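Peer 1: Here it is: the structure, laid out below.
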Amino acid sequence: MKKTCTLILFLVSGCFSGFAQATKPAVGTIEFTSNELTRLIKKDAKIEVIAEGFQFTEGPVWVEKEKMLVFSDVPANTVYKWTAAKGKEVYLRPSGYTGKTTRGGFMGSNGLILSPDGKLLLCQHGDRRVAQMDAPLNAPRANYVTVAGTYKGKKLNSPNDLVFNTAGDLYFTDPAYGFEGGLKDPKKEIPFQGVYKMNKAGLVTLLTDSIEQPNGIGFFPGGKKLLVANSAEKKNGWYIYDITSNGSLTNGKVFYNVRNEKEAGGCDGFKIDKAGNVFATGPGGLWIFNKSGKLLGKIKLNGIVAANCAFTPDGKTIFITASNYLLRVKMQ
C-alpha cells in the first residue's frame with residue numbers, strides 16, 4: 001500500500017486593499033500521493049481564495065496580454081475578470097443567454113478559450129452554441145457571432161468546453177446541462193450528447209456519441225491523443241483517444257475511473273501542462289495525474305465542488321473555479 005502524505009494548508013482571505021489579511025479555516029489540503037508531485041507543487045504551497053460571492057464558477061482562461069483571468073458564473077449569466085490590482089469585476093453580461101424569456105438554471109457561458117487569433121470564444125449554455133465575442137478583449141461587449149450552433153440542421157444541446165488543435169480545428173463537448181429540464185427537456189433536438197470537431201471551414205463533425213455527459217476536453221502534448229471527461233452520475237471518469245490523421249477518434253479507453261468515489265463533484269474541466277500532466281477537477285477537488293494516468297496527488301477541497309482550472313503561461317500558478325469561489329495555488 002502506498003503511503004500518502006497530506007499537507008494541510010490554510011485559506012488566505014481574498015483581500016486586495018493592502019491591509020493585513022485575515023486567516024480563515026482551511027479551504028482544503030494538498031495530498032502528495034507520489035513524490036513526483038513535488039516537482040510540480042512545492043510542499044508549502046497554499047490554497048488561496050482570491051474572490052468569492054458567485055453562484056457557480058466555471059471555464060477560466062488566463063489572458064496574458066491584459067494580465068487578467070476571465071471566468072464564467074454560469075447561473076448568473078456573467079463572465080467576470082480577476083486582476084491582482086482590482087480583484088473581481090464584471091467583464092461581460094449576459095454571457096450565455098441572450099433570449100427575452102425569463103429562465104433559470106445553468107443558462108450562462110461555461111467554457112471559455114482564446115482563439116488562435118486572440119478572440120474570446122464562449123460555450124453558451126442558454127443560447128446553445130459556441131460563440132465569439134465581437135469586441136476587443138480590453139473593451140468587452142455582449143455582442144456575439146455564432147461559431148458552431150447546429151449539427152446536421154439540429155440545434156446543439158449546450159456546448160460545455162472547448163479546445164483548439166495546432167491546425168486551428170475546434171473540438172468541443174455538448175452535454176445537456178444547459179437545459180432546465182435536463183436530458184428530457186422538450187427543447188432538446190439531438191438525441192445524444194456528443195463530442196464534436198469543427199474545421200476551419202466551419203464544418204461540424206461528430207466524433208463520438210458514446211459518452212453520457214461529455215465535459216472537459218484537452219489534447220496531450222504532440223496533439224495525437226485527446227482526453228475527455230464524463231461527468232454523468234455513476235459514470236465519472238476520463239477517457240483517452242488516439243487521433244487519426246483526419247482528426248477523428250479511435251482506440252478509446254478509460255484513462256482513470258472514479259465512478260465509485262463518494263465525495264461530491266463530477267469529472268469536469270481540466271488542463272494538461274506542457275509535460276502531459278493532467279490537472280482535472282473531479283470528486284473532492286482537483287486530481288493530478290502524469291501522462292500515463294498515474295495519480296500523483298490531489299488538491300482536496302472542503303465542501304466545495306471544483307469545476308475547472310487554468311494555468312498562467314509559465315505554468316507556475318493554477319487558478320481553480322469551485323462552487324462560489326475563485327481559488328489560486330502558486331505551485332512553484
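No value in this document is a laboratory result; all are computed from the given coordinates. Owing to the predicted nature of the structure, the values given are computational and were not obtained by experimental measurement. Glycine also receives a Cβ, built like all others from the backbone with ideal geometry; neighbour counts cover every protein chain displayed.
Peer 1: Leaving out same-chain residues fewer than 8 places away, which lysines sit with a Cα under 20 Å from that of residue 119?
Peer 2: Hits, sequence-local ones excluded: 65, 67, 81, 197, 200, 271.
Peer 1: When N counts the residues of region 215-315, how does its alpha-carbon radius of gyration compare numerically with 2.2 N^0.38 Å, as a ratio?
Peer 2: 1.04
Peer 1: Sorted from largest down, what three extents in whole angstroms do the Cα atoms of region 68-148 have along their principal axes?
Peer 2: 36, 26, 18
Peer 1: If you don't mind, another one. Determine the dipole magnitude for region 5-330: charges of +1 sit on the beta-carbon of Lys and Arg, -1 on that of Asp and Glu, nothing else is charged, the reference point is the Cα centre, and the result goes in debye to the nearest 20.
Peer 2: Charge dipole, region 5-330, about its Cα centre: 160 debye, nearest 20.
Peer 1: A further question follows. Projected onto the charge dipole of the chain (+1 at Lys/Arg Cβ, -1 at Asp/Glu Cβ, origin at the Cα centre), which of 125, 140, 266 gives the Cα projection farthest towards the positive end?
Peer 2: Final value for the positive-end residue is 266.
Peer 1: Using a 10 Å cut-off on Cβ atoms, rank the peptides 183-190, 162-169 from the highest mean neighbour count down.
Peer 2: My ranking of the peptides, most packed first, is 162-169, 183-190.
Peer 1: While we're looking at this one, here's another question. For a quick protection proxy, order the peptides 200-212, 303-315 by their average other-Cβ count within 10 Å, most packed first.
Peer 2: 303-315, 200-212
Peer 1: Which one, [x] 1.03; [y] 0.94; [z] 0.98, gives Cα Rg over 2.2 N^0.38 Å as derived from the coordinates shown?
Peer 2: [y]
Peer 1: Further question on the same structure: State to the nearest 20 debye the size of the charge dipole of region 71-220 about its Cα centre, where the only charges are +1 on K and R beta carbons and -1 on D and E beta carbons.
Peer 2: About 380 debye.
Peer 1: On to the next question. Please state the relative contact order of the chain as a whole percent: Cα pairs under 8 Å, 6+ residues apart?
Peer 2: For the chain, the relative contact order is 16 percent.
Peer 1: Follow-up question, since we're still on this one. Name the shape class, rounded, prolate or oblate, that the alpha-carbon gyration tensor gives for region 247-293, where a ≥ b ≥ c are the square roots of its eigenvalues, rounded holds for a/c under 1.5, and otherwise prolate holds if a/b is larger than b/c and oblate otherwise.
Peer 2: oblate
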